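Novice: Would you mind keeping the following structure in view while I ask a few things?
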Amino acid sequence: MKIIVLGAAAGGGLPQWNCGCPNCVAARLGRLPSLSQSSIAVSANGEDWAILNASPDIRAQMQATPALHPTGPRVSPLKAVLVTNGDIDHVAGLFTLRERQPFTLFATAGIHEVLAANPMMTAVAPDVVPRAPVALGVPFEIVAGVEAELFAVPGKVPLYQEGEVVDTQLEGENTVGVRLSANGKTAFYIPGCAALTPALAERIRGAALVMYDGTLFEDDEMIRMGLGVKTGARMGHMSMTASLSAFEGLGVARRVFVHMNNSNPALDPDSEARRVVEAAGWTVAQDGMEITP
Ligand code: MLT
Ligand code: MN
Ligand code: ZN
């Protein structure tokens, strides 16, 4: 199984268009590598690929990834797209994929419902892009030779569906993690997660690879930096500092943070935050990183 990180950043990317935080400034100056938004690609045979989360940057991500280039006139290695929630950074790329190219769109029935409520999704023609609803806990073949299984993780509804009161610990079809297995190897992809529940901890115990929500380093960093009014918890994300301790003793061989917000100090290789994260045995993902579990 081969995994390619197409985009390591959370919504907004690095740099984010309206942000002048230290990381965004450094990225504009070329001192930090720019990062595109949250997505990975997976394949068992190197020829047929699935993309997990269709980010607004998908066009540039596919351009930067030779394995995803067409192999003939309108022949694409992209066979499937799976979205793990309805957040804009994970679904807006579907509109880029509206060129009448066949692939299967996998999501829970709940997420399909959210997508179908958007009239623009009819441009991603259902007659060429079949919608496949996936039940939680039922393994399926996402792309040739790769088995996937979805499971609920704590999270919230997408920003555009939030009401007056927001439950940030919702567990159901809104926010899912993914187990990927191929050629006897298993990886977990969990780009958004509000808490490492005991059940989730048991699920990933002893795993060879977990790619996990690294949105913020500390829960209140956006408030402290004057970038926003929300904590990570309010956004449905668990902070890196909490994850470092929560993963202790779980025996996860390889731990990779993905979906990093541009405010996250661990994005800077020279930061104390990066030192702490790496000292705990974690890797901070970068765009284009290839991982073979
Ligand atoms: C998130 O991960 O918190 C969302 O992508 C935020 C958003 O939709 O802007
Ligand atoms: Mn996001
Ligand atoms: Zn920024």
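Values quoted throughout were computed directly from the atomic coordinates according to the rules given, and no laboratory measurement underlies them. Because the structure is a prediction, the values reported are computed rather than measured. As a convention, Cβ positions derive from the backbone with ideal geometry for all residues, glycine included, and neighbour counts pool all protein chains shown.
Novice: Using square roots of five times the C-alpha gyration tensor eigenvalues, list the equivalent-ellipsoid semi-axes of the chain in whole Å, biggest first. It would help to have the intermediate numbers written out before the result.
Specialist: Values: eigenvalues 146, 88, 83 Å².
Result for the chain: semi-axes of 27, 21, 20 Å.
Novice: Would you work out the charge dipole size for segment 2-287 about its Cα centre, treating the Cβ of every Lys and Arg as +1 and the Cβ of every Asp and Glu as -1, and quote it to the nearest 20 debye? Walk me through the numbers before you get to the answer.
Specialist: Working: 21 positive and 28 negative charges, 127 e Å.
Approximately 620 debye in magnitude.
Novice: Would you mind calculating the gained length between LEU159 and THR197 on full extension (0.36 nm times residue separation, minus the Cα-Cα distance), in nm to one decimal?
Specialist: Details: separation 38, 0.36 × 38 = 13.68 nm, distance 2.29 nm.
Net length gain for the segment: 11.4 nm.
Novice: Give the cross-link partners of LYS79 among the aspartates and glutamates, using a straight C-alpha distance below 12 Å as the criterion and excluding same-chain residues fewer than 8 apart.
Specialist: Partners within reach: GLU47, ASP48, GLU141.
Novice: Nothing charged except the Cβ atoms of Lys and Arg (+1) and of Asp and Glu (-1): what's the magnitude of the dipole of segment 63-180 about its Cα centre? Round to the nearest 20 debye. Please report the intermediate quantities before stating the final value.
Specialist: Values: 7 positive and 13 negative charges, 120 e Å.
Taking the Cα centre of segment 63-180 as origin, the dipole is about 580 debye.
Novice: Here's something else I'd like to know. Sort 101-109, 37-45 by the packing proxy (mean of other Cβ within 10 Å over each peptide's residues), most packed first. All intermediate terms of the calculation are to be shown ahead of the outcome.
Specialist: On the way: 101-109: 19.0, 37-45: 25.1.
By packing density, highest mean first, the sequence is 37-45, 101-109.
Novice: Hey, another quick one. Residue farthest toward the positive end of the dipole of segment 2-287, with Cβ of Lys/Arg at +1 and Asp/Glu at -1: which of VAL258, GLY30, VAL134?
Specialist: Result: GLY30, furthest along the dipole toward the positive end.
Novice: Okay, next question. If R0 is 45 Å, what FRET efficiency do you get for ALA123 and GLN286 from their C-beta distance, rounded to 0.05? If you can, show how the numbers build up before the last one.
Specialist: Details: r = 32 Å, r/R0 = 0.72.
It comes out at approximately 0.90.
Novice: When the Karplus curve 6.51 cos²θ - 1.76 cosθ + 1.60 is applied with θ = phi - 60°, which whole-Hz ³J(HN,Hα) does each residue of segment 277-293 get, with x for Gly and Pro?
Specialist: 5, 6, 5, 7, x, 9, 10, 8, 4, 10, 4, x, 4, 9, 10, 10, x
Novice: Can you list the lysines whose alpha carbon sits under 19 Å from that of LYS230, skipping same-chain ones fewer than 8 residues off?
Specialist: Partners found: LYS156.
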